[in-house]
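Encoded as structure tokens, the structure appears first; notes follow it.
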Amino acid sequence: MNKVTVLPCQFDDCVGYDLQINDHDATVYDFLLALDEFAAENIADCRGCDGCCWERAPLTIGDIPRLATLLPPSPYPCHAVVGAFGTLSIEDGVVDIMLRRREDSSCSFLDREGRFCTSHATRTFVCRSHYCMPKSGRLQDLRGAYVNAGIDELVRQLLAEEAAGAEVWLTGKIDPEDYPANPLTGMDEPMQVRIRDIVEPELWEELLEE
Ligand code: SF4
Ligand code: SF4
């Protein structure tokens, strides 16, 4: 049995999707594989639809390695990726990092005429885990937990790159203590983080329920 199963579930008036964890060592990457399998069996190809490519899409640390493959090698990969593909803002000491959008709100990776993603293989966790169907509460909560940890770790890494010589975007503007180390810290492939390490115990118990 796969470590994570993503399955259809019935909501009041339509079908959506839910997940179940089958293994205590299941990772976020296992969740994405299960989503890919679910989509291949249950959802038509997105090509020709751009319905969700006009919305806010957070960038997380786990997105950096794949997006960095689109760029020349850099000693500061987080700065390189955010500089090339993201937007960064600070409000009241809180950092927000998103995929860059054009003036018309479309994602900069969207082919607006063909209505397809030009970077499908490197699209972000948020894009990979979203389908235009209702999501169960526990699935939404897991996405939220990973995105929050992933943005926080990206901020930490940006600060570390600045300390090592990268252009200063954040240093002196935010309190580093607001971004302490978390389970993603130091991982070469952050999507390999164990799900149980990034969710609250109550959510973990919920994710194990059949
Ligand atoms: S997931 Fe997004 S792009 Fe794919 S079919 Fe649904 S709205 Fe369109
Ligand atoms: S990265 Fe691709 S899938 Fe994600 S919002 Fe942009 S165009 Fe859409």
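Derivation of every value follows stated rules applied to the coordinates shown; laboratory data play no part. In this text the structure is predicted, and so the values were computed from the model without any measurement. Note that we place each Cβ from the backbone using ideal geometry, even for glycine, and neighbour counts take in every protein chain shown.
Tabulated values for the structure
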{"quantity": "Cα gyration tensor, segment 1-129 - rounded (a/c under 1.5), prolate or oblate", "calculated": "prolate"}
{"quantity": "Given the chain, longest segment not containing exposed loop trypsin sites (Lys or Arg not before Pro) (DSSP; at most 16 other Cβ within 10 Å)", "calculated": "116-172"}
{"quantity": "Leading residue at positive end of dipole, segment 80-148 (Cβ point charges), from Ser89, Gln140, Ser105", "calculated": "Gln140"}
{"quantity": "DSSP-loop GluC sites (Glu not before Pro) across segment 72-132, with at most 16 other Cβ within 10 angstrom", "calculated": "Glu103, Glu113"}
{"quantity": "The chain - charge dipole about Cα centre, Lys and Arg +1 at Cβ, Asp and Glu -1, debye rounded to 20", "calculated": "820"}
{"quantity": "Percent RCO, i.e. relative contact order, over the chain, from Cα pairs under 8 Å lying at least 6 residues apart", "calculated": "28"}
